[in-house]
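K.L.:
Structure below; questions to follow.
The values are calculated or read from the model by the stated rules, or taken from the named source; none is laboratory data. Bear in mind the structure is a predicted one, so any value in this text is a computation, not a measurement. Methodologically, a virtual Cβ is constructed for each residue, glycine included, from the backbone with ideal geometry; neighbour enumeration extends over all protein chains shown. The area values use the complete protein model at the heavy-atom level, side chains included, leaving out ligands, DNA and RNA. Shrake-Rupley method; radii C 1.70, N 1.55, O 1.52, S 1.80 Å.
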Amino acid sequence: MKVLLGIGGSEDSYHALERTVERAAVADDELTVAIVENPNSDATPEEIETRVRNQLEAANVDADVRHVEGDPGSSLVDLAESGGFDQLVLGGGQRSPMGKISIGSIAEFVLLNSHKTVKLVR
Amino acid sequence: MKRERLYPDDPAGPFDAPTVEFEDREERTIEIRVYDPDGDEYERLVEMYTEFDPADRAQGIPPGREERIRSWLDTILDSECLNVVAWHGDEAAGHATLVPDEDAYELAIFVLQKYQRAGIGTHLIEALLGHGQASDVEKVWLTVERWNRAAVALYKKIGFETSNAESFELEMALRLN
């Protein structure tokens, strides 16, 4: 399967990375990782890229890693369609101190606007 | 989340601190007390949440299985948190909690289905805020699903103001002290 993972540096996006890379190794997915600028995260694109490359290397998975500029949600939706991806994967939300899950603004936009199948990872 | 949360300028209330006793609209005698970690109240709360209707979950809480209920309760019944429980005899009918989050507290309230629509929620949240006020809590916030009009109306009546309306869930905030 041709999979696009969007990652912006929040905790849940790293969790989605881990699970998506694990799955790619087993299922032989064709994986692309798109690094976006999440306004709610302090991580720089370079820090994110380092973590992505380490994860890929550890699992011995080959993937195309690219940086996406501009509005993260709409860029991911566009890329998923123009790149002929089967599935767009994102982190499944952050938990508050209470344990309540909130879905991030990028995931919210993607869920409502994507014509491709979207997967949120918990 | 890096966004700054806005709070009302003036404190809400004042609210009466527990213990509070009243008769609900079904003529049941309900007593609201601060949670006591030493007796069997923990197990009574596990029973309440095991019985909780999954349709009344919000944003993933309360969790579904007993094992997860226990680990979630361990987090929110920690000594840093403020908890009050509504009792009908020795059955837990409802529970409300304030969980510290940096300089503020996150609030949540749960009423067991057979005790809903009897006025317990209003007393429970007022007692929790009374407990918070007496414990020098300054700021409280919560999230609520925007379709849950009854809850939003209750929070507004208590003094909560909308602090963020841009996400799936409505975020509301209140000042206590």
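K.L.:
Averaged over B:76-82, how many beta carbons belonging to a partner chain fall within 10 Å of each residue's beta carbon?
P.N.:
Per-residue shielding by partner chains comes out at 1.
K.L.:
Need the per-residue list for region B:1-47: every residue with at least 20 Å² less accessible surface in the complex of protein chains than in the chain by itself, probe 1.4 Å, sorted by number.
P.N.:
Hits at the 20 Å² cut-off: B:MET1, B:LYS2.
K.L.:
Projected onto the charge dipole of chain A (+1 at Lys/Arg Cβ, -1 at Asp/Glu Cβ, origin at the Cα centre), which of A:LEU120, A:LEU76, A:VAL3 gives the Cα projection farthest towards the positive end?
P.N.:
Comparing the listed Cα positions along the dipole, A:LEU120 ranks first.
K.L.:
Which of B:HIS95, B:GLN116, B:VAL85 sits closest to the plus end of the dipole of region B:20-137, meaning its Cα is farthest towards the positive end, when Lys and Arg get +1 and Asp and Glu get -1 on the C-beta?
P.N.:
Selected residue: B:GLN116.
K.L.:
Separate question: For the protein assembly as shown, give the percent of accessible area contributed by carbon and sulfur heavy atoms, probe 1.4 Å, rounded to a whole number.
P.N.:
Of all accessible area on the protein assembly as shown, carbon and sulfur atoms account for 43 percent.
K.L.:
Please give the solvent-accessible surface of B:THR19 in Å², to the nearest 10, using a probe radius of 1.4 Å with every protein chain present.
P.N.:
Looks like 90 Å² after rounding.
K.L.:
Can you run phi through the Karplus equation (6.51, -1.76, 1.60; θ = phi - 60°) for region B:73-87 and list ³J(HN,Hα) in whole Hz, with x for Gly and Pro?
P.N.:
Whole-Hz 3J(HN,Hα) from phi for region B:73-87: 4, 4, 5, 8, 9, 4, 5, 6, 9, 10, 9, 10, 10, 8, 10.
K.L.:
Still on this structure, please answer the following. Counting DSSP beta bridges in the protein assembly as shown, what percent are antiparallel, to the nearest 5?
P.N.:
65
K.L.:
Indicate the residues belonging to region A:76-100 that lose 40 Å² or more of solvent-accessible heavy-atom surface (probe 1.4 Å) upon moving from the chain alone to the assembly of all protein chains, ignoring ligands and nucleic acids.
P.N.:
Relative to the lone chain, where solvent access is computed with a 1.4 Å probe, region A:76-100 loses at least 40 Å² at A:PRO97, A:MET98, A:LYS100.
K.L.:
Which value, in Å², gives the accessible area per residue of the protein assembly as shown when a 1.4 Å probe is used on the protein heavy atoms?
P.N.:
Spelled out: the 1.4 Å probe surface of the protein assembly as shown, per residue, equals 51 Å².
K.L.:
Interface B/A, total buried accessible area with a 1.4 Å probe, nearest 100 Å²? Before the final figure, lay out the partial values.
P.N.:
Values: alone 9850 and 6790 Å², together 15130 Å².
Summing both sides, the interface buries roughly 1500 Å².
K.L.:
Something else about it: Just give the residues from region B:53-71 buried by at least 40 square angstrom of accessible area in the all-chains context relative to the isolated chain, probe 1.4 Å, and say none if nothing qualifies.
P.N.:
B:GLN59, B:ILE61
K.L.:
Summing +1 for each Lys or Arg and -1 for each Asp or Glu, what net charge is found among the other residues whose Cβ lies under 11 Å from the Cβ of B:GLY13?
P.N.:
For residues surrounding B:GLY13, the net value is -2.
K.L.:
Using only the heavy atoms of the protein chains and a 1.4 Å probe, how would B:ILE120, A:ILE103 rank by accessible area, largest first?
P.N.:
Final ranking, largest accessible area leading: A:ILE103, B:ILE120.
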